Amino acid sequence: MNDSVPQTEIPQEAAPAQPEYDPAAPARSRCPAPHRQPEVDAQLERLADADHLATDGHLEVYEDVHRGLRDALTALDARPGPPAPPSTYGTRS
């Protein structure tokens, strides 16, 4: 008695076609998942602009995005937070 399952062949037409890899084709930038900061998302989306430029134009885009992300982080530090609780240091009860 043979308990093995017979293997079926998949017709060649049913197999998904693999796109050909072209190492000379430009790589597409992939923007990460959206953040809760619109300023950050806008800067990360700007990275896609480098896809349409020659390699020597990438530096300008990268520097612009870096500057924008740095400004967004600096703005987060500058926002006023909740007031600090009153200090009880040096008081006696």
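No lab work stands behind these numbers, since they all come straight from the coordinates. In this text, all values refer to a predicted model and were calculated from it rather than measured experimentally. Positions of Cβ are backbone-derived with ideal geometry, glycine not excepted, and every protein chain shown enters the neighbour counts.
How far apart, in nm, are two points set 7 Å out from the Cα along the Cα-to-Cβ line at Gln37 and at Ala84?
Each label point lies 7 Å from its Cα, and together they span 2.3 nm.
What's the exposure ranking of Arg70, Arg46, going from fewest to most Cβ atoms within 10 Å?
On the way: Arg70 11, Arg46 17.
Listed from fewest to most nearby Cβ atoms, that is Arg70, Arg46.
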